[in-house]
1. Summing +1 for each Lys or Arg and -1 for each Asp or Glu, what net charge is found among the other residues whose Cβ lies under 14 Å from the Cβ of ILE56?
2. Within 10 Å of each candidate Cβ there may be at most 15 other Cβ atoms; applying that plus a DSSP loop requirement, which chymotrypsin sites (Phe, Trp or Tyr not before Pro) in the stretch 1-53 survive?
3. Along Cα→Cβ, 7 Å out, is where each label goes; now give me the distance between the ones at PHE22 and THR63 in nm to one decimal.
4. Mind running the shape call on the chain? Use the C-alpha gyration tensor, a ≥ b ≥ c as the square roots of the eigenvalues: rounded below 1.5 for a/c, prolate if a/b tops b/c, oblate otherwise.
5. Which value, in debye to the nearest 20, gives the size of the charge dipole of the chain about its Cα centre, when Lys and Arg are +1 and Asp and Glu are -1 at the Cβ?
6. Ordered by residue, what ³J(HN,Hα) values in Hz, to whole numbers, does the stretch 19-35 give under the Karplus form 6.51 cos²θ - 1.76 cosθ + 1.60, where θ = phi - 60° and Gly and Pro are x?
7. Where does the Debye-calculated log10 I(q)/I(0) of the stretch 58-104 sit at q = 0.30 Å⁻¹, using only Cα point scatterers of equal weight, no solvent?
8. What does the C-alpha gyration tensor say about the overall shape of the stretch 26-95? Classify as rounded when a/c is under 1.5, otherwise prolate if a/b is larger than b/c, or oblate.
Amino acid sequence: MNSVQIAVVIYSAGAIAAVSGFYIEARMLRIIRVLYPDIWQSLGSPRFSFTDPNAIWSQLRITKFLLLREYRLIGDQTVTRLGDISLALLLFCTATVAGYYMTTNGRGLSFTYRFTIR
């Protein structure tokens, strides 16, 4: 495998991790909403919406909730497991995006083909 193929594999894994992370995070938040409504309210009653102007602030609260591992204070094994997985996927996606920008200088993948005409 050359470096471009490796980059495509890593970026594809990052995209899969992002989609998986949204799904697992949604499951965790659904459990919190049903079983722990006070925590749900403290997170700003988050919901996934591209049209809600407050959605970004809710996502930032969720990210803080994950990074500080506050979900572990709940004491629910399912929430802890889903939170740990969400955190790992969040960190992997962040590393993938950082790696993407470091390797491409923010220009995207550039494919260079060399050929000769004889």
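1. Numbers: positive: ARG47, ARG61, LYS64; negative: ASP52.
Taking every other residue near ILE56 into account, the sum is +2.
2. Details: sites: TYR11, PHE22, TYR23, TRP40, PHE48, PHE50; in loops: PHE48, PHE50.
Here the chymotrypsin sites (Phe, Trp or Tyr not before Pro) that fit, given the DSSP loop and packing criteria, are PHE48, PHE50.
3. 1.6
4. Values: a/c = 3.44, a/b = 2.52, b/c = 1.37.
Note, shape of the chain comes out prolate.
5. Values: 12 positive and 6 negative charges, 76 e Å.
My answer is approximately 360 debye.
6. 5, 4, x, 4, 5, 5, 5, 5, 5, 4, 5, 5, 5, 5, 4, 7, 8
7. Normalising to I(0) and taking log10 leaves -1.05.
8. On the way: a/c = 1.83, a/b = 1.09, b/c = 1.67.
Oblate is the answer for the stretch 26-95, as a/c is 1.5 or above yet b/c matches or exceeds a/b.
Every number here is computed from the coordinates shown, using simple stated rules; none is lab data. None of these values were measured; they are calculated from a predicted model. In this analysis, Cβ positions are derived from the backbone assuming ideal geometry, glycine residues included, and neighbour counts consider all displayed protein chains.
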